[in-house]
Amino acid sequence: MSSAHSSASGQPASLVNRLNLQQYVVYLGFLVIFLFFAIVLKDSGFLTVRNLSNIMLQTAPVTIMAIGLVFVMSAGEIDLSIGSTVAVSALAAAVTVNDYGLGAGIIAGIGAGLLIGLLNGVLVAYVKLPSFLVTLATLGLFAGVSRSMTNLRSIPVTDSTFTGFFGSGSFLGVPSLIWWTVVAVACGHVIYRETRFGAHVLATGDNSRAASVSGISVPRIRLAVLLISGGLAGLAGLLYAGRLQAAKYTLGETDLMTVIAAVIVGGTLLNGGKGTIIGALVGSLMMGMLNNGLILMGLSVSDQMIVRGLIILAAVAVSLREKSR
Amino acid sequence: MNANVSAANEPVLKLKDIRKTFGGVTAIENFSLDVHPGEIVALVGDNGAGKSTLIKIISGVYTPTSGTITIENQTVAMSNATMARGHGIEVVYQDLALADQQTVYMNMFLGREPVNRFGLLDRRRMIAETETLVKELDVRIPSAHATIRDLSGGQRQGVAIARATHWASKLILLDEPTAALGVAETAKVEEIVESLKRRNIGVLIISHSLDQVFKLSDRICVLRRGKQIGIRETAKTDKNEIIAMITGLQQH
Ligand SMILES: Nc1ncnc2c1ncn2[C@@H]1O[C@H](COP(=O)(O)OP(=O)(O)OP(=O)(O)O)[C@@H](O)[C@H]1O
Ligand SMILES: [Mg+2]
């Protein structure tokens, strides 16, 4: 209840700045990278429908994981374990689907993800350990589990319904991986933006004490976001197994950095309280495009990694600099 | 003031022999106090006397080590803040308990967001109610859509007070509600507190300003190092007596 002009004079300039750069940096970055590749690679097939849809298909698992991470990070937590959840889920699904059929495979894959999420969630929400350390530990733990599950062997997935549903199939002319992306983004967006749960996740990440005195069960929110993240990483595992028609312990190994970068570049705060699902989608499409373009440019694998790292660094720096105040 | 009227009513809040220890440290001991509907009780004491701790016990954030809390003749055991809110008790905490990156209207409805028949947030209703409330209380904020961290200290305080007055039906606890405010804003808050009286809501207010305490309160309760030194009717005491009680030194 202070005079109105104190806010009217001081704030607008910085407000406009923040709105412009912070919220649109991902769309701008996406456009810049797209145009760059479109021009530089116009004779290398970057702009073909086939290549662009390939980018979308390859991005699907990262986008799915990014949705989970938006919830986790908005609640002020982090989930590093997704990097190995993917492989555990894919392997669990591959082993069961071959012997017991589609339903069992799905249950095993998603279930494995949810169980890892449950373990993380209980340790973070109720034992009150920091999520960074808990999920760093479970990242390592389940990387080991995925290796020992099948003695480093790759498991082929022969069930054609499964590979169609999660990989090569299509529905109404649209590939199933794109359906999964669209459905997950739409559901994620509505839950995040339009439900009480979403509001409580944001409040928890923003000020957990305020959330708690407002009657929000902070531990339950922390458990829920880690469960969501585990379940979605499990789904990502199914998508990999479906598309590659096989599961291996290496699946998802390199995705962790990509997912975190996509989420942050997309406009979600590392410290919680603010985020966007659509931004994360655009962020992960940007990462996918970057991968694809650098390969088409003929960069060696090591050069790709360096360039990708530098671009992520720049993007993250821009988006974080605008957000911290 | 109307101490004689409210004395006839049942107390809305009754604290009996409240004691709270943190590990080995005793923060509150042998504290007993009644607050009646429409009564304003001031809680005074030096820094660290235990005032905020007492507020947090009444609001369910801390469970007392021993003692009983009675709300409208019903002894309650509150293990979390939701239960206090269920009993019609609202709090303006010293740190305000606002979610800084959320909008004013989301903070106004934090934990109690209305939903439409599809189970989705009813933003239109939250915004409309926030705007009405903000206008009623004359809290000058840019809009219901403003983000808390873009507001001034006084505006934030206004949001926290508006939230509490909106939801309270029986009792409001105010922890230094004007500590960060200018002259005009302080007057505004005092006006709001007095209006609660007319709604027959009990008020327990913590303040370091004795002028304010004497202006607003019906009774004054003094705490010193966790001990209850005494309760005085505001009309029958003066600043010297209260200062002596707060500091433990006789004034001559
Ligand atoms: N969670 C806690 N754990 C341990 N000690 C605490 C805790 N909360 C409060 N205390 C102690 O209890 C005592 C009373 O603190 P309290 O915050 O209630 O004081 P206060 O009267 O509100 O002071 P101020 O006027 O400075 O706000 C202090 O000595 C404080 O250190
Ligand atoms: Mg205090």
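The values are calculated or read from the model by the stated rules, or taken from the named source; none is laboratory data. The structure displayed is predicted, hence computed values, not measured ones. Ideal geometry is used to build each Cβ from the backbone, glycine not excepted, and the neighbour counts take in all protein chains shown. Areas reflect the complete protein model, heavy atoms only, side chains present, ligands, DNA and RNA absent. Shrake-Rupley method; radii C 1.70, N 1.55, O 1.52, S 1.80 Å.
Residue-wise HN-Hα couplings along the stretch B:232-243, as the Karplus relation 6.51 cos²θ - 1.76 cosθ + 1.60 with θ = phi - 60° gives them from phi, are 10, 6, 4, 5, 10, 9, 9, 4, 4, 5, 5, 4 Hz; Gly and Pro carry x.
The mean number of partner chain beta-carbon atoms within 10 angstrom of a residue's beta-carbon across peptide B:97-106 is 6.
From the helices alone, meaning DSSP H stretches of at least four residues, give me the mean residue ellipticity at 222 nm for chain A, per-run term -39500 (n - 2.57), in deg cm²/dmol to the nearest 500.
Values: 13 runs with 246 residues, N = 325.
Computed mean residue ellipticity for chain A: -26000 deg cm²/dmol.
Provide the percentage of antiparallel DSSP beta bridges, counting only those with both residues in the protein assembly as shown; round to the nearest 5. Don't skip to the answer; put the middle values down first.
Values: 27 of 45 bridges.
Bridges in the protein assembly as shown are about 60 percent antiparallel.
Of all accessible surface on chain A at a 1.4 Å probe, what whole percent is carbon and sulfur? Don't skip to the answer; put the middle values down first.
Details: 9510 of 13780 Å².
Answer for chain A is 69 percent, counting heavy atoms of protein chains only.
Full extension of the chain between residue A:271 and residue A:39 gives 79.8 nm of extra length, using 0.36 nm per residue less the Cα-Cα distance.
Seen from residue A:252, the other residues with C-beta closer than 15 Å to its C-beta sum to a net charge of 0, counting Lys and Arg as +1 and Asp and Glu as -1.
Taking trypsin sites (Lys or Arg not before Pro) as exposed when DSSP calls them loop (any state but H, G, I, E, B) and at most 16 other Cβ atoms lie within 10 Å, what is the longest stretch of chain B free of them, the sites themselves excluded? Before the final figure, lay out each step's value.
Details: sites that count: B:112, B:117, B:199, B:225.
Free of exposed loop sites, the longest segment is B:1-111.
Across the stretch A:247-257, rounded Karplus estimates of 3J(HN,Hα) from the backbone phi angles (6.51 cos²θ - 1.76 cosθ + 1.60, θ = phi - 60°) give 10, 8, 5, 7, 4, x, 4, 9, 7, 3, 5 Hz, Gly and Pro being marked x.
Calculated on the Cα set of the stretch A:87-235, radius of gyration then Dmax: 17.8, 53 Å.
Taking the centroid of alpha carbons for each part, the stretch B:176-252 and the stretch B:94-170 are 27 Å apart.
Projected over every direction and averaged, the convex hull enclosing the alpha-carbon atoms of chain B yields 14.6 nm².
Largest mean-square fluctuation among A:43, A:206, A:255, in a Gaussian network model of chain A whose springs join Cα atoms under 10 Å apart, belongs to A:43. When shorter helices are ignored and each DSSP H run of at least 4 residues is given -39500 (n - 2.57), the per-residue value for chain B at 222 nm works out to -10000 deg cm²/dmol. Sequentially through the stretch A:63-79, phi angles give Karplus couplings (6.51, -1.76, 1.60; θ = phi - 60°) of 4, 4, 5, 4, 4, x, 5, 4, 4, 4, 5, 5, 7, x, 10, 9, 10 Hz, Gly and Pro residues having no value and appearing as x.
Interface size, chains A and B: roughly 2800 Å² of accessible area buried, both sides included, 1.4 Å probe, rounded to the nearest 100. If every alpha-carbon in the stretch A:25-323 counts as one equal scatterer, what log10 I(q)/I(0) does Debye give at q = 0.07, 0.09, 0.15 1/Å? Cα-only, vacuum Debye calculation for the stretch A:25-323: -0.25, -0.42, -1.17. Taking a ≥ b ≥ c as the square roots of the eigenvalues of the Cα gyration tensor of the stretch A:198-325, is the shape rounded (a/c under 1.5), prolate (a/b larger than b/c) or oblate? It is oblate, given that a/c is not under 1.5 and a/b is not larger than b/c.
Share of the stretch B:158-246's accessible area from carbon and sulfur, percent, 1.4 Å? Kindly include the intermediate steps, with their values, before the conclusion.
Values: 1770 of 3600 Å².
Its accessible area is 49 percent carbon and sulfur atoms.
Summed over the residues of the stretch A:25-323 and divided among them, the accessible surface reaches 40 Å² per residue at a probe radius of 1.4 Å.
Do you know the relative contact order of the stretch A:25-323, to the nearest whole percent, from alpha carbon pairs under 8 angstrom that are 6+ apart?
Numbers: 551 pairs, mean separation 102.7, N = 299.
After rounding, I find 34 percent.
Once the convex hull of all Cα atoms in the protein assembly as shown is built, its volume per residue stands at 180 Å³. Treating each Cα of the stretch B:182-252 as an identical point scatterer and ignoring solvent, apply the Debye formula and state log10 I(q)/I(0) at q = 0.12, 0.14, 0.18, 0.27 Å⁻¹. At q = 0.12, 0.14, 0.18, 0.27 Å⁻¹ the computed log10 ratios are -0.36, -0.49, -0.76, -1.28. Solvent-accessible surface, computed for protein heavy atoms with a probe of 1.4 Å, shrinks by 20 Å² or more for the following residues of the stretch B:150-174 when the other protein chains are added to the isolated chain: B:150, B:152, B:155.
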